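Below: the structure, in structure tokens.
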Amino acid sequence: EGRFGPNHMGLWEDKQIEGHKALTKACHDEGAVVIIQLNHTGYGTNPMMGPSVGPSTLEKHGWDGKPYMTHGFTLDELHDMQKKYVEAAVRAKKAGYDGVQLHGCHSYLINQFVSPENNLREDEYGGNGENRGRRGAHLRKGGEVMSAAESRIVRGDAKIYKKIPSVHPLEDIR
């Protein structure tokens, strides 16, 4: 779920940790610092990899130009996705990564919640800028999701970084 294609790396299950350990070890052996970027493609998910999901149910157009309907997260699904980010960050630490970057721009899932064009929700995650930004706020430093991740993974020099959008005006987002 949330991938561009079948070769998209991931840490959505424990059995992927060993492969990532080989990658981080090879990089560390050469003196490199290794940071993994966690993302979910949201509406851009390859149809072979799962449903097109995002903040709202919308009509979108695929690469072939054909229209399709997306699935808007329920609150339970949204909270489950937040837990999955934490679990992936914990797996990243176990795999030897020196840090985690949450990809929140380029129309990925986090950015879709900020976007007034994609986020038509009428609950605490939609509407005004403060609410649209709440999803990202939960994932940023000090937010409930990242606080949970940091309490479980940050030891020594491990860090959590955020990549945020510059495309959407953020003047109404706090």
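Quick notes
- Computed from the C-beta positions of Asn7 and Lys83 and an R0 of 30 Å, the FRET efficiency is 0.75 to the nearest 0.05.
- Compared with the alpha-carbon gap, the fully stretched path from Lys94 to Asp64 is longer by 6.8 nm at 0.36 nm per residue.
- Cβ-Cβ FRET estimate between Gln37 and Asp123, R0 fixed at 35 Å, reported to 0.05: 0.80
- Our compactness index for the range 1-62, the C-alpha radius of gyration over the empirical 2.2 N^0.38 Å, is 1.44.
- Under the Debye formula (equal points on every Cα, no solvent term), log10 I(q)/I(0) of the range 1-123 at q = 0.12, 0.21 Å⁻¹: -0.50, -1.19
No lab work stands behind these numbers, since they all come straight from the coordinates. Treat the numbers as computed from the prediction; the structure is a model and nothing was measured. Using ideal geometry, Cβ is built from the backbone for each residue, glycine included, and neighbour counts are taken over all protein chains shown.
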